[in-house]
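The values are calculated or read from the model by the stated rules, or taken from the named source; none is laboratory data. Source: prediction; values computed, not measured. For neighbour counting, all protein chains shown are included, and Cβ atoms are generated from backbone atoms with ideal geometry for every residue, glycine included.
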Amino acid sequence: MSGSGKQPKFSEAHGKGTRACILWDIQGTDTVTAGADARIIIHKASGESVVPSVLHQKAVTSLALSPNGLLLASASIDHTVKLYSYPGAVFQTNVTRFNLPIRALAFSVTGGLLAAGGDDDGIKLISTVDNSIVRVMKGHDAPVASLAFDPKNEFLASVGTDGTVIFWSLDTGVKIHTLKHAAPDVDLEDSCVNQIAWHPSGDVLAVPGHQFDVVMYDRDTAEVHFRMRGGHNTSIGFLAWSPNGKYLATTGEDRKVMLWDAEKRLDLDRLKVPTHVCALAWKPTGNALALIDVEGRYGVWEEAVPGHLASPSAMEHTSSLVTKQELLHFSDDEADQKGISCESEDEIIGAEVDLMDDESDEEEALLKKEFKDAKVSKKVKDSGTLKVKREDKCVPFQGAVSGKLCDHKPKPQKQPSFQPGVTQRTDGTRRFLAYDLLGCIITSEGDGVNHVEVEFHDTTRGPRIAPLADYFGFTMAALSEKGSVLANPQRDKTPSTLIYRPFSSWASNSEWSMRFPSTEEVKAVAVGDRWVAAATSLDYLRIYSESGRQRYLFSLTGPVVSMAGQKQLLAVITHVTDPMDSGHQVMRYIVLDMRTNQQMLTGPLPITPGSELKWLGFSESGSLSTFDSKGVLRILSRSYGGCWVPIYSSPSEQNGTGEATWVVGLNDTQIFCIKCKAPEVQPHVHPKPVLSIVCPVMPLAHSDLGATELENELLWKSFLLEETRLRADEAASRGDEDDNDDEQLLRTEAEQDRCLLRLIAACCHGDKLSRALELASMLSLHKSLQGAVKLVSALRLPALAERINTLLEARRNADRAAVAPRQTRELMPPSSLLRTSLVGNGRQPQKLAQIILPKEVRSRTEPRLESSRAVAGVEFPASGSEITPNRKDKEGEIITQQNQQSASCDTNTPEARKSVKTREPTSKSINPFAKQKQLDGIGSGDGVSVLSAIKKLQAQGVKRQDIEGEEKISDKKPNKLPRAS
């Protein structure tokens, strides 16, 4: 068959070479290519091209994009792996360096790990959180050609140039299966790279075969499941699964691109290309295949799958290729759970009987008989739990039963207190006393004495902290930038003890401890910036300074559940009352500011019914967060007086199956956690836990727009923007304004605007114009509004474009109106004082010199002046430098002499008039408050009225005008009078 889709049009991108790479972004809008010219190019849908400023020195051999689409990794034969932010293509760091060229890269499904391999002896697993090397896996006898992470996050598959395929365990780093020469031998300079790929379901691994075919290996047994052959004349070099796993695309040196139906194991279509295609990638959202050849040219095969077949990105068609294997693993217990052999009696009473022993036929018959005799109606709802004990096994029977079979349901108990980041004691000798994004505190059991070690994730932060001998049996700890706090409960004759260890201090013996009486023990601890807190069994909250001073002691409203601290914030969770009959815990939270000694927020703590609190902490931006046993992560918003927003819900936690999520921390864009394989529910110290990264996904309902992901992103960006604005306002009110806060606010607004523009486009395509206009009104930046106008105009919606343009004009007018009063205040400073001079028949405003009262007068008039800064539109200046009647400075003497000459001058002669004109600016700068006797009532101690001071000033100004009455009045604006010193 020949290609039925649209023939791809190839465009020049890179130079000629044996290797080239191509991939799509997660939205399916842009493509990223790299090749022999060492360049990385992001090809935008608009036609633009973005090239990072920092590039490799030699040819790029592999590209990988993180599952959340925020990180782009590249490998090169220059021995380095570089990390870029996406889509900005800003260089972040050199993740690692090899001694020899690097050939392959791959991100784990959670994005927490980056695998890199090449000519070196070993595959490196790198943590994307702190760029540390988690593990080096050695086992290949030849250079590594390709890497692939298992979608179930259990295995890493690798293939060498000698064709050997190895399945590695991610938990232990050991080899699970080794398939010698499963793939053809390839040369390092050959464009055939032996690419391998897991099926999206994780059931099989696709490997190029020796007979120009593709071989599917089972994930559990590594046995051949089936083969697909018949389309290629040479060895297959590259292959890729469609997003739903229904189709497989392959390419080889025979200049063909083959399209296979994996379920039917048939070739559907083929595409002839002029040059050997060395890499290809399916579009995540659509029916297209991106190609790049050895000449460095790339293109897109549109409508690759024929139109009458299912779309390659339609997830409802996701299939599994190992149905027979699932039947082999089907157990009798699963049959019972699925109700395959359901009896009529069970259907009548609405109960599901789970028999743990298949041989207990007699008991089964007896139980069914008793249930039948009870004649319970089918309509009766589940209201009790029956537990039948047989050979020390409790078998639950759900349903409403009566008579002697009905047990009394136990009353729910309060959740015991816990310390965030602590793991419980297991068979091992090491466990965590604290684990967060800063580091961890580990306790190790020794010969009679335990040792406590502090480790930081960032190993470059300073010298190693010396271990501490544990003579008390510490069970809880907390970590901060400046120190750590440890505590133990009361045990036998050992009292409960609290110890604080600073990491550095100018003074020796800065460590301190507190011992509690036998009636009190520590339940939870927290540490922050220059403070330490401990909650005790007597419902006391004890707060200490960094040096050990007991700062505060007050009672809590109930038993403590947990505590957490960060910098100047302390959060405490307490019980309010006994749990409800449904098992719902009733708790309350309180957030304290240790800098201002104020209570910031308090209220009831929401928690999923029937669950318990598992983690408590602050995000990097200072927002309180909780995680419960049902897998719901909530964050405290200061909007609406303090509301809790669910930002993540773990499906495996809700279903009670699969892996457990152990939360470590979060920031504005990512949640950091450790995924624990069942039946484990907590991480172990060894091997070192690997952080997984998940993105906030709010539990939104599916709207008619069909853009749930965009709506989720908008809701999260809006939440971040609101929190950023609130933090900026609080910092401004405290006088702690920072340019970084403004930059962060602008960056958050720009990110929200980008999301809004994508949603506006989706609304326009979905004919939701009123919603598009509402979204446009939410845009923060003028440039974004202009972009919305251009976008809507391009979609030929003139009415909507006109309305958005009206929004833009209104925004501009509002900004100009807001700027105008500010400019007026700058032109007319509040320190100027205006008066009205009666000259002739008109009134002419003139500026007075700044009034400065004598010290003894100012002490009585200052309160009134301060409270009457604006009288009849006149603002008084703040008090300036002190001038007393006895001041002998040069300026005062000149003013006094001029005043005396002005008082004795004859104004009728021309010389006198000239003298008056010459002295006019100086004569007007008289100070009526220079002497105390000039104001009546000042010496009596009753103060001076502001209005009386103005009247005195105007009266003396009129008297001076009478003396100069013969002077000709000028219509020009008078010169500014010099201000009195």
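For this structure, a couple of remarks:
- With respect to the conditions (1) at pLDDT below 80; (2) more than 30 Å from Glu481 (Cα to Cα), Gly428 falls short on a single one, namely (2).
- When Val50, Val60, Val54 are checked against the criterion of being touching a Phe, Trp or Tyr at 6+ places or on another chain (Cβ under 8 Å) and over 18 Å from Thr285 (Cα atoms), Val54 stands alone in meeting it.
- Every listed requirement among (1) at pLDDT 90 or above; (2) buried (at least 18 other Cβ atoms within 10 Å of the Cβ); (3) more than 17 Å from Val224 (Cα to Cα) is met by Lys175 save one, (2).
For (1) more than 30 Å from Asp436 (Cα to Cα); (2) surrounded by fewer than 17 Cβ atoms within 10 Å (Cβ to Cβ), each residue gets a yes or a no:
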position	(1), (2)
Cys673	no, no
Pro683	no, no
Ala707	yes, no
Glu713	no, no
Trp716	no, no
Asn740	no, yes
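- Within region 221-231, the set of residues being closer than 16 Å to Val159 by Cβ and in a loop (DSSP other than H, G, I, E, B) comprises Ala222 only.
- Ala290 meets all of the listed conditions (1) under 35 Å from the mean Cα position of the chain (by Cα); (2) assigned to a loop (DSSP other than H, G, I, E, B) but one, namely (2).
- Residue within region 310-317 that is modelled with pLDDT of 85 or more, touching a strand residue (DSSP E or B) at 6+ places or on another chain (Cβ under 8 Å), in a loop (DSSP other than H, G, I, E, B) and surrounded by 11 or more Cβ atoms within 10 Å (Cβ to Cβ) present: yes
- Taken together, Leu271, Leu239 contain a single residue that is of a type outside the set (Val, Ile, Thr), over 17 Å from Arg227 (Cβ atoms) and buried (at least 21 other Cβ atoms within 10 Å of the Cβ), which is Leu271.
- Strands (runs of 3 or more DSSP E) contained entirely in region 621-719, each with at least 2 residues that are at pLDDT 90 or above and closer than 26 Å to Ser780 by Cα: 632-637, 643-649
- Test: His181 is surrounded by 19 or more Cβ atoms within 10 Å (Cβ to Cβ) and without any contact (Cβ under 8 Å) to a residue 40 or more places away in the chain: no
- Residue list for region 720-739, restricted to those being outside any helix (DSSP H, G or I) and modelled with pLDDT of 85 or more: none
- Selected residue (criterion: nearest to the chain's Cα centre (by Cα)) from residues of region 490-519 that are β-branched (Val, Ile, Thr) and closer than 20 Å to Val454 by Cβ: Ile499
- Reported count of residues in region 186-220, each being in contact with a strand residue (DSSP E or B) (Cβ under 9 Å, 6 or more places away or on another chain), part of a loop (DSSP other than H, G, I, E, B) and either without any contact (Cβ under 8 Å) to a residue 40 or more places away in the chain or crowded, with 20+ Cβ neighbours inside 10 Å (or both), is 13.
Residue by residue, here is whether (1) farther than 18 Å from Thr423 by Cβ; (2) among the aliphatic types (A, V, I, L, M); (3) modelled with pLDDT of 90 or more holds:
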site	(1), (2), (3)
Val449	yes, yes, no
Thr460	yes, no, no
Pro467	yes, no, no
Thr475	no, no, yes
Lys482	yes, no, yes
Ala487	no, yes, yes
Arg491	yes, no, no
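- The number of residues in region 183-235 being over 19 Å from Met258 (Cα atoms) and of a type in the set (S, T, N, Q) comes to 2.
- Output for region 531-564, where each listed residue is of a type in the set (Gly, Ala, Ser), in contact with a strand residue (DSSP E or B) (Cβ under 6 Å, 6 or more places away or on another chain) and closer than 18 Å to Glu511 by Cβ: Ala533, Ala534, Ser545, Gly548
- When region 7-33 is filtered for residues that are more than 16 Å from Thr285 (Cβ to Cβ) and surrounded by fewer than 16 Cβ atoms within 10 Å (Cβ to Cβ), the ones remaining, listed by number, are Gln7, Lys9, Ser11, Glu12, Gly15, Lys16.
- Across region 157-172, the qualifying residues are those that are among the aliphatic types (A, V, I, L, M) and more than 17 Å from Leu113 (Cα to Cα), and the one among them that is surrounded by the fewest Cβ atoms within 10 Å (Cβ to Cβ) is Ile166.
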